[in-house]
Amino acid sequence: MGQKGVQSIFLGLLLYVLVISAAADVKHLNIWPMPKQVNHGHGSLYLGNDFELKTDGSKYPDSSGILKDGFLRIIDVVKATHVIDANFSHFNPSRLLKGIHIVISSPSDELQHGIDESYKLNIPAHGTLLYAHIEAQTIYGALHGLQTFSQVCHFNITTRAIVVHQVPWTIVDQPRFPYRGLLIDTSRHYQPLLMIKKVIDSMSYAKLNVLHWHIVDSQSFPLEIPSYPKLWDGAYSISERYTIEDAAEIVSYAQRRGINVLAEIDVPGHALSWGIGYPSLWPSTDCKEPLDVSNEFTFNLIDGILSDFSKIFKYKFIHLGGDEVNSSKISISSNVHFLGCRIVIFICSYVCMWGEHIDASDIEQTIWPRAAAAAERLWTPYNNLPKDPAQVAGRLAHFRCLLNQRGVAAAPLAGPGRAAPEEPGSCHMQ
Amino acid sequence: MNADASNPIPTIIFFIYLSFFPLIIASRNLKHSSNSQLYDDDSITYIWPLPSEFSFGNQTLAVDPNLSLAVSGHGGGSAIVKEAFERYKLIIFKHHSKLSKFGVSYDIEKLNVIVHSANEELQLGVDESYSLLVDKRDEHSIIGEITIEANSVYGALRGLETLSQLCAFDYGTKTVQVYKAPWYIQDKPRFEYRGLLLDTSRHYLPIDIIKQVIESMSYAKLNVLHWHIIDEESFPLEVPTYPNLWKGAYTKWERYTMEDASEVVNFAKMRGINVMAEVDVPGHAKSWGVGYPDLWPSPSCKEPLDVSKNFTFNVISGILADMRKVFPFKLFHLGGDEVHTDCWTSTPSVKQWLQDHNMTGNDAYQYFVLRAQKIAASLKWTPVNWEETFNTFPTKLNPQTIVHNWLGSGVCPKAVAKGFRCIFSNQGVWYLDHLDVPWSTVYYADPLEGITDASKQKLVLGGEACMWGEKADASNVQQTTWPRAAAVAERLWSNKESASSGNTTLTALHRLEYFRCLLTRRGVQAAPVTNFYARRPPTGPGSCYEQ
């Protein structure tokens, strides 16, 4: 084979390496979603062993540990891809990133629609005692900043350390829309708690911020309603249920990741399962949908549900469904105003994950990576959205592989949703 | 259900249990009958895989969420036991309850774990037996609360898994209960080798995904991860002695460092799972030449590895020596399947070498395999080879060789007849990438089929489900693997009689559906059981227990 063969292989490899590294320049920025304003350089820093969180000057007390937990989660996710085995004594100390300094202006950790989710992320290139800086109005802006930081960290296969390339970074970012949601349907198929939590985790990677929980529907009623305890007799089975504490746990888990939970109680259609526990809700035994409008009990029950909801779901919106109703108009707004909830007709700015054919076995690969496309459209300013599909494909493939690295079963880009890969190949090419 | 001959109570209880069965089955078929809710999961406990001996009662005991651990025996202080206890506590007590704990007295507050041996070496044939006793402490019982007793820490792990399947969250009282107590379980595996193959060459699997797979294996008591690391498409593993080899990886990110491999081995060990590495030679090795083109017979003919060069065997030596530091399992898989010798007989330099050594293509295949086996043996490894090596030159193989059947049925009988040990992976039934093999076909296959002599049966080490990666990657490997791998797991763990007796199709199906739902509750993306094709979505809305 000889010299020529070796040379051509070498050149081929070099070209391959160049093509891959080209993926890291400005137009092909591997941050998802694309931030509002990004500038970077050409240097590199490495993360030290005792990478730390500093909060000097921050007004946010972190009494519930949201910031600390968020920081630890980011470090875990960045370190999980490979075992760190660097010999730190060999590294140039002026290239050591010691930690991240986060300054938050507001002491409040109230999560609501329209809060300030902006942040600034600065990573210097040189100096002594190097720290990355995040400045944000609220803790939730800071969490977004940490997420972006995690996406510029990479494991370096030669040095076996985590490095940040292309420093210095100057990122100023904020979302285009305040409502960036994902709907999950736990009525057509029960989704175990662990699965919902995994979905919430993966939402935070793409900066989605509303989990629209379509809890009940015709097929099953899985949620405990203390005021009307027979309602969850409509669950598929005794164990395919959520207790009220389970629901509170979901809300808390989501809140600690900056995600609101929009609960939906779809009325008057899509409510067949309600009558399992309370048959008087059905117009008749052979005509079980929509809920019986002539019965005062129906509205007492809805009041009871909404009242129980108000103790668990803190988001100021609640979704009342109202779709696919096979009969004349129904006015229920007058019945619920007193609870102080605002009922707004939304233009759907989110991704809907209807559950007829989705259960715990395929929810992740049905959501991802397609929901990421929506996530960027909802976060990134219109003018920054890449116009060239080829550019997007490369970046989205990279984000999909990042999701896989983080243990999220995101499907290949090629083919229809949740398709299996057609053949062997690199993650970045499928 | 093993009853002491003099004690009729377990038998009576067994008959009561049996008489409930038709009611339970009938109720499962009702979509929305209010009474059916009472039967679902309320009075039936399913354990997968089925233990070898067990008896139960009709009490319901509440378990304290602050369950404490007391250890004893020479191996009781093991970190493996402590870590497992913490892991299982998170699994068992998944639901939060705001109910006041003051004044609530639980029936079970303590878990005793007795491990007799301090030896934590994990190898084939380690003692995985255990006994598990669950009883309320009262004046009549000397047993105490929950006791798991085992000879090794790995038996204790198996006992913890069984215990976690006895516990269920009761939505009425919002506490964790054990139904049908007291439980007396004595359990041990039927086969010592119960494996799952993962292919990280056709698609790179991130470490996190490999760990998820290992964790899910422990739920079904599988105990060998056969890591098919390298193949023709990509070479993702670091080999320090030959650092260019992993240039054959798909990209620089789709690689495993030596430390990553150690991490996987350690993660598995903490769950009592061995990792058997495979370096498939001389076929399935095209990717090796990306870093070292000399390994190819020629640039236009890249498989199998060039048999005529000493360099080829130096590289194999280097790989195995590096891997010896990472993989302590005594078995090492050397592949040897699907070898097409055309590139040897047609490439001039290799053709010349064959002539000089008076070898046909087939002779060279034999020479290659045997030479690789010698390298493994010098590193104190027992070689495992795919069945073609046995089929082609049975009398020349290293007699320690373990024959890995895959091409079809009838191979293990021939191998054990000649004194070889065998692993069963008949592709017609246990290849998970064959999507059209339903759970029942998987479940009813048996590694001992065709072998009647008891002394020969002992030579069948066990079997393995194979999750080939041509069309499986991080996005779908778990729902292709599960729930069918569970069918394999029970076939390999449970006694043939108890797993096959009675109207098993109905019993096994319900138990497998229950186990599949358990897997999903633990975050494992197990596909619906009753779909004909694997890894398909559910056909429509419905309960997990009916899909």
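The values are calculated or read from the model by the stated rules, or taken from the named source; none is laboratory data. Small disclaimer: the values here were computed from a predicted structure and weren't measured. Every residue, glycine among them, receives a Cβ derived from its backbone with ideal geometry; neighbour counts consider all protein chains shown. The protein model used for the area step is the full one, side chains on, heavy atoms only, and it has no ligands, DNA or RNA in it. Shrake-Rupley method; radii C 1.70, N 1.55, O 1.52, S 1.80 Å.
Odds and ends about this structure:
- Top-ranked residue in the stretch A:117-131 [being within 13 Å of A:HIS165 (Cα to Cα) and outside any strand (DSSP E or B); ranked as farthest from the chain's Cα centre (by Cα)]: A:HIS126
- A:SER106 among the polar types (S, T, N, Q), in a helix (DSSP H, G or I) and away from chain B (no Cβ under 14 Å): no
- Of residues in the stretch A:223-261 being facing chain B (nearest Cβ under 10 Å) and touching a Ser or Thr at 6+ places or on another chain (Cβ under 7 Å), the one surrounded by the fewest Cβ atoms within 10 Å (Cβ to Cβ): A:GLU245
- Failed criterion for B:TRP439 (all others in (1) crowded, with 18+ Cβ neighbours inside 10 Å; (2) at pLDDT 95 or above hold): (2)
- Selection status of A:HIS82, modelled with pLDDT under 95, open to solvent by less than 20 Å² (accessible area, probe 1.4 Å), of a type outside the set (A, V, I, L, M) and over 23 Å from A:GLN37 (Cα atoms): yes
- Only one of B:VAL264, B:VAL239 that is more than 8 Å from chain A (Cβ to nearest Cβ), of a type in the set (Val, Ile, Thr) and outside any loop (DSSP other than H, G, I, E, B): B:VAL264
- The single condition from (1) open to solvent by less than 10 Å² (accessible area, probe 1.4 Å); (2) among the aromatic types (Phe, Trp, Tyr); (3) farther than 27 Å from B:TYR367 by Cβ that B:PHE235 fails is (3).
- When A:ILE265, A:ILE276 are checked against the criterion of being modelled with pLDDT of 85 or more, over 30 Å from A:PHE71 (Cβ atoms) and in contact with a strand residue (DSSP E or B) (Cβ under 7 Å, 6 or more places away or on another chain), A:ILE265 stands alone in meeting it.
- Candidates are the residues of the stretch B:324-339 that are more than 19 Å from B:SER425 (Cβ to Cβ) and in contact with a strand residue (DSSP E or B) (Cβ under 6 Å, 6 or more places away or on another chain); the one that is least open to solvent (accessible area, probe 1.4 Å) is B:PHE327.
- Checking A:SER218, A:SER273 one by one, the residue that is among the small types (Gly, Ala, Ser), closer than 22 Å to B:GLY542 by Cβ and assigned to a loop (DSSP other than H, G, I, E, B) is A:SER218 and no other.
- Taken together, the criteria place A:VAL77 among residues that are touching a residue at least 24 places away in the same chain (Cβ under 8 Å), open to solvent by 20 Å² or more (accessible area, probe 1.4 Å) and in contact with a helix residue (DSSP H, G or I) (Cβ under 7 Å, 6 or more places away or on another chain).
- Here B:GLY469, B:GLY419, B:GLY450 are screened, and the one residue that is touching an Asp or Glu at 6+ places or on another chain (Cβ under 6 Å) and among the small types (Gly, Ala, Ser) is B:GLY469.
- Qualifying residue in the stretch B:171-187 (condition: charged (D, E, K, R) and at pLDDT 95 or above): yes
- Qualifying positions in the stretch A:378-388 - open to solvent by 10 Å² or more (accessible area, probe 1.4 Å) and touching a residue at least 12 places away in the same chain (Cβ under 8 Å): A:LEU378, A:PRO381, A:TYR382, A:ASN384, A:LEU385, A:PRO386
- Helices (runs of 4 or more DSSP H) (entirely within the stretch B:452-547) containing at least 3 residues that are away from chain A (no Cβ under 14 Å) and crowded, with 23+ Cβ neighbours inside 10 Å: B:484-493
- The stretch B:346-363: number of residues that are surrounded by 17 or more Cβ atoms within 10 Å (Cβ to Cβ) and assigned to a helix (DSSP H, G or I): 4
- Residue count for the stretch B:131-175 satisfying the condition of being assigned to a strand (DSSP E or B), open to solvent by 10 Å² or more (accessible area, probe 1.4 Å) and touching a Ser or Thr at 6+ places or on another chain (Cβ under 9 Å): 8.
- Test: residue in the stretch B:279-302 that is out of contact with any Asp or Glu (no Cβ under 9 Å at 6 or more places or on another chain), of a type in the set (Asp, Glu) and within 11 Å of chain A (Cβ to nearest Cβ): no
- The stretch B:286-325, residues that are within 23 Å of B:SER262 (Cα to Cα) and either part of a helix (DSSP H, G or I) or among the aliphatic types (A, V, I, L, M) (or both): B:SER287, B:TRP288, B:VAL315, B:ILE316, B:SER317, B:GLY318, B:ILE319, B:LEU320, B:ALA321, B:ASP322, B:MET323, B:ARG324
- Condition met for B:VAL315 (in contact with a Phe, Trp or Tyr (Cβ under 6 Å, 6 or more places away or on another chain), under 16 Å from B:GLU278 (Cα atoms) and surrounded by 15 or more Cβ atoms within 10 Å (Cβ to Cβ)): yes
- The stretch A:403-426 residues that are facing chain B (nearest Cβ under 7 Å), paired with ones that are of a type in the set (Lys, Arg) and open to solvent by 30 Å² or more (accessible area, probe 1.4 Å) (beta carbon under 6 Å, 6 or more apart): A:ALA411/A:ARG418; A:ALA420/B:LYS471; A:PRO421/B:LYS471
- Residues of the stretch A:276-287 that turn out to be in contact (Cβ under 8 Å) with a residue 40 or more places away in the chain and buried (at least 22 other Cβ atoms within 10 Å of the Cβ), as a count: 1
- Qualifying residue in the stretch A:370-387 (condition: more than 7 Å from chain B (Cβ to nearest Cβ) and more than 21 Å from A:VAL38 (Cα to Cα)): yes
- Matching residues, the stretch A:387-401, being in contact with a Ser or Thr (Cβ under 9 Å, 6 or more places away or on another chain) and of a type outside the set (Lys, Arg): A:CYS401
- Unique residue being within 24 Å of B:VAL239 (Cβ to Cβ), part of a loop (DSSP other than H, G, I, E, B) and not hydrophobic (A, V, I, L, M, F, W, C) when the list is B:PRO394, B:PRO328: B:PRO328
- With respect to the conditions (1) within 11 Å of chain A (Cβ to nearest Cβ); (2) surrounded by fewer than 21 Cβ atoms within 10 Å (Cβ to Cβ); (3) within 17 Å of the chain's Cα centre (by Cα), B:LYS188 lacks only one, and its number is (1).
- Meets criteria (out of contact with any strand residue (DSSP E or B) (no Cβ under 9 Å at 6 or more places or on another chain) and either open to solvent by less than 10 Å² (accessible area, probe 1.4 Å) or within 30 Å of A:ALA411 (Cα to Cα) (or both)) for B:HIS226: no
- Test: B:GLN366 is open to solvent by 40 Å² or more (accessible area, probe 1.4 Å), touching a residue at least 12 places away in the same chain (Cβ under 8 Å) and over 20 Å from B:GLN457 (Cβ atoms): yes
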